[in-house]
1. Express the relative contact order of the chain as a whole percentage, based on alpha carbon pairs under 8 Å and six or more residues apart in sequence.
2. Taking chymotrypsin sites (Phe, Trp or Tyr not before Pro) as candidate sites, keep only those in a DSSP loop with at most 16 other Cβ atoms within 10 Å, then name the longest stretch of the chain containing none of them.
3. In a Gaussian network model over the chain where Cα atoms closer than 10 Å are linked, find which of 32, 94, 138 has the largest mean-square fluctuation.
4. Please list the non-local residues whose amide H lies under 5 Å from the amide H of residue 108, H modeled 1.01 Å from N, same-chain partners needing a gap of 5 or more.
5. With springs connecting C-alpha atoms under 10 Å apart, model the chain as a Gaussian network and identify which of 95, 48, 11 has the largest mean-square fluctuation.
6. Output the pairs from 57/89; 89/119; 7/57; 36/57 with a Cα-Cα distance over 22 Å in this structure; if there are none, say none.
7. So what is the relative contact order of region 32-101, in percent, for Cα pairs below 8 Å that sit 6 or more residues apart?
8. With a ≥ b ≥ c taken as the square roots of the eigenvalues of the C-alpha gyration tensor of region 47-152, please select rounded if a/c is under 1.5 and otherwise prolate if a/b is larger than b/c or oblate if it is not?
Amino acid sequence: MCLEVYKILQEKPLEDCRHSYFNLSLPMFVSARPIKAVENTVLRSEKEPLVWTLWDKFEMECVGMSLQTFLAEFKQQHGLEVNMIMYGKSLLYAEFFPKKRMQERMPFTLLELVHNVGKVTVPMTENKLILSLTCTDANDLDVEVPDLIARVR
């Protein structure tokens with residue numbers, strides 16, 4: 001393990017790294033090579049394409065921000081239009097909701113949406129929410145994007 005850290009510090013290529021371990025319960029020695037994380041590319045309007053991996057996350061300051069403001073701010077910052085917002089199993093926002101329901105939810109903050117719609121009480125010690133998003137890109141296609149870490153307190 002320690003020798004592999006030296007390879008990282010020396011900025012050696014990924015192909016030079018190894019992961020090895022002994023399983024003492026079975027007489028087995030295993031050695032593996034790491035692979036590069038799969039990169040996803042998303043076309044954005046008026047911005048260069050977004051290239052992300054499973055390890056990436058969006059981060060936003062959303063303290064006191066209403067849903068309507070959040071949608072506009074996300075589009076301005078990232079060049080993508082949000083279709084759905086999910087927290088755990090709760091669907092907080094979806095563009096296919098009836099207009100009346102969407103208009104009722106637009107003035108709520110993200111924290112209020114999680115409490116009212118998701119029926120989840122977020123402890124006062126938690127300052128951030130992890131939200132899953134579905135967006136449309138510059139070609140109006142549904143695309144996968146990284147999760148969003150929203151600071152709400």
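1. That works out to 23 percent.
2. 97-153
3. 32
4. Residues meeting the amide H criterion: 67.
5. Evaluated over the chain, the most mobile residue of the options is 11.
6. Values: 57/89 19 Å; 89/119 11 Å; 7/57 26 Å; 36/57 17 Å.
Going by Cα-Cα distance, 7/57 fall outside the 22 Å limit.
7. 19
8. Because a/c hits 1.5 or more and a/b fails to exceed b/c, region 47-152 counts as oblate.
The values are calculated or read from the model by the stated rules, or taken from the named source; none is laboratory data. Model, not experiment: these values are computed from the prediction. We place every Cβ from the backbone using ideal geometry, glycine too, and count neighbours over all the protein chains shown. The area values use the complete protein model at the heavy-atom level, side chains included, leaving out ligands, DNA and RNA. Shrake-Rupley method; radii C 1.70, N 1.55, O 1.52, S 1.80 Å.
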